[in-house]
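Report on one structure; see the data block that follows.
Every number here is computed from the coordinates shown, using simple stated rules; none is lab data. None of these values were measured; they are calculated from a predicted model. Because the Cβ atoms are built from the backbone with ideal geometry, glycine has one as well, and the counts that use them run over all protein chains shown.
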Amino acid sequence: MLNNLLITIGTVIVMEGVTWCTHKYIMHGFLWVLHRDHHDKTSKGFFEDNDYFFLIFAMPSIALFYFGSRGELLDFRFFLGLGILIYGMLYVLVHDIFIHQRFKIFSNSNLPYFKALRRAHKVHHKHIDKPDGECFGMLWVPLKYFKEFKLFN
């Protein structure tokens, strides 16, 4: 049981690195065609082409749930899928709801981490073209954004 918990938590942590690499090299790379409207706000409705990534990134989790639950006991693949699912849920809460306010909740927060997180994401979005950019992760915030709020010297 402890191993399953460690696999799940470890997967959530590793997903931040996977997200950074995927965002920088895939979303700002060959799949920029789907991600562009998230930066230039050409989408006129509630949904963006960028939202297709939700489906793309859910597929590995679904496959891991399926193959990890085929025996009598759940194996490690199930818990890898669970870690990916938890990270995906965090992504929706942090990125879509908190940062971009797709639902108008969690809009007022004075916690230093949340201020730095929003600032880092705002800096990411100031770059409209795909070759430019910084702050490609979601939960890890570079120290310089905390320094802007005089939290660390």
task: Quick one: go through segment 1-32 and flag any residue whose amide nitrogen is under 15 Å from the point 7 Å out along the Cα-to-Cβ line of Leu73.
output: 1-7
- prompt: Say R0 is 22 Å: what FRET efficiency, to the nearest 0.05, do Asn4 and Met89 get from their beta-carbon distance?
  reply: 0.75
Net charge of neighbours whose Cβ lies under 15 Å from the Cβ of Gly137, counting Lys and Arg as +1 and Asp and Glu as -1: +3
message: 7 Å from Cα along Cα→Cβ at both Asp96 and Lys147: what's the point-to-point distance in nm?
response: 3.5
query: How much length, in nm to one decimal, is gained on full extension between Asn50 and Val33, taken as 0.36 nm per residue of separation minus their Cα-Cα distance?
result: 5.3 nm
query: What is the ratio of the Cα radius of gyration of the chain to 2.2 N^0.38 Å, where N is its residue count, to two decimals?
result: 1.14
- prompt: How do 94-106, 26-38 rank on mean C-beta neighbours within 10 Å, highest first?
  reply: 26-38, 94-106
